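Down below is the structure, laid out as structure tokens.
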Amino acid sequence: MSPTTPTTPATAGPRPGGASARVAPDRPPRSRLRRRRARLLGGLLGAVVLAGTAEYAATAVVEDRVEDALRPRLGATHADLSGSGLLALLRGRADGVTVTGDHAMIGPVTGASVDLRLDGIDVHRGAHDAAAVDSVHGRITVPTGAVRSWLASASPALAPTDVATDPAAGTLRLGLGPGGAVTVTLRPELHDGRFRFALVGATVMGAPAPERLTRLIEDRLAAAPATPGAGTVTPLPGLAPTSVRVTPRGIEVALDGTPTAEPGPSTGP
């Protein structure tokens, strides 16, 4: 017998059908992932900046329209929109705007301070159109310097050399004539929804003024065409003064109501 030849295990050949072993796909390099994240973040940041710019521009448009609408009656003021400018333009309506100013003009009164809240504003398409307002409330403050100019423009005989406030008494003390020899005390008040000055008293060099002089002062106050007694201290038709008080700064008038007409030129306070 011949020696037995060792059997060598057969080496496995290619699988049927030529299939080969699966190879794990290559992962993208980390640098490529970082670039993708950077592009995504850049796009998001650009969208945020674009939205912010659009909102800023829309808010400016609405505020400019309100300021333009009020300029014929108040002069230069600053409008501050509450809420979204984009939404206000899309709806054609702003929920609220605060209007402030330290150099407002109300008829013959110059240098007044205003702090008004306008609610429910229909923003028209035209840049020079007025804004229709559902309601307005706030206050107007006429400082002592503006009161002095106001009275001087109303009647030269009432041109005071000095105006002082007495908040505790709710009155103003006016110095008239050379050196303020005549002292006139006035109380601002509301009468039938109209603002006026009531004469409290007058003195000449510390002594009670003669009746003839006090009557003359009262007549001048009533007859002066641009005095508060000849009109209401409101920046818009339809608003009514609800209260008046004397503050250390001057006269403060509270207003409330619904404007009845588009803003236009004012002929008196």
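The values are calculated or read from the model by the stated rules, or taken from the named source; none is laboratory data. All values reported here derive from a predicted model rather than from experimental measurement. Virtual Cβ from ideal backbone geometry, glycine too; neighbours counted across all protein chains shown.
Key figures
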read-out	value
Pair list, Cβ < 6 Å and 6+ apart or interchain, from region 133-162 residues that are more than 22 Å from Ala254 (Cβ to Cβ) to residues that are basic (Lys, Arg)	Ser155/Arg220; Ala157/Arg220; Leu158/Arg220; Pro160/Arg148
Ala222, sole failed condition from (1) at pLDDT 80 or above; (2) part of a helix (DSSP H, G or I)	(1)
Residue list for region 68-82, filter: closer than 12 Å to Ala104 by Cα and assigned to a helix (DSSP H, G or I)	Leu70, Arg71, Pro72, Arg73, Leu74
Within region 190-213, considering residues that are part of a strand (DSSP E or B) and over 45 Å from the mean Cα position of the chain (by Cα), the one surrounded by the fewest Cβ atoms within 10 Å (Cβ to Cβ)	Ala207
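Residue-wise test of (1) at pLDDT below 85; (2) more than 18 Å from Ala132 (Cα to Cα); (3) surrounded by 14 or more Cβ atoms within 10 Å (Cβ to Cβ).
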{"position": "Thr53", "(1), (2), (3)": "yes, yes, no"}
{"position": "Val61", "(1), (2), (3)": "no, no, yes"}
{"position": "Asp80", "(1), (2), (3)": "no, no, no"}
{"position": "Leu89", "(1), (2), (3)": "no, no, yes"}
{"position": "Ala94", "(1), (2), (3)": "no, no, yes"}
{"position": "Val97", "(1), (2), (3)": "no, no, yes"}
{"position": "His103", "(1), (2), (3)": "no, yes, yes"}
{"position": "Val114", "(1), (2), (3)": "no, yes, yes"}
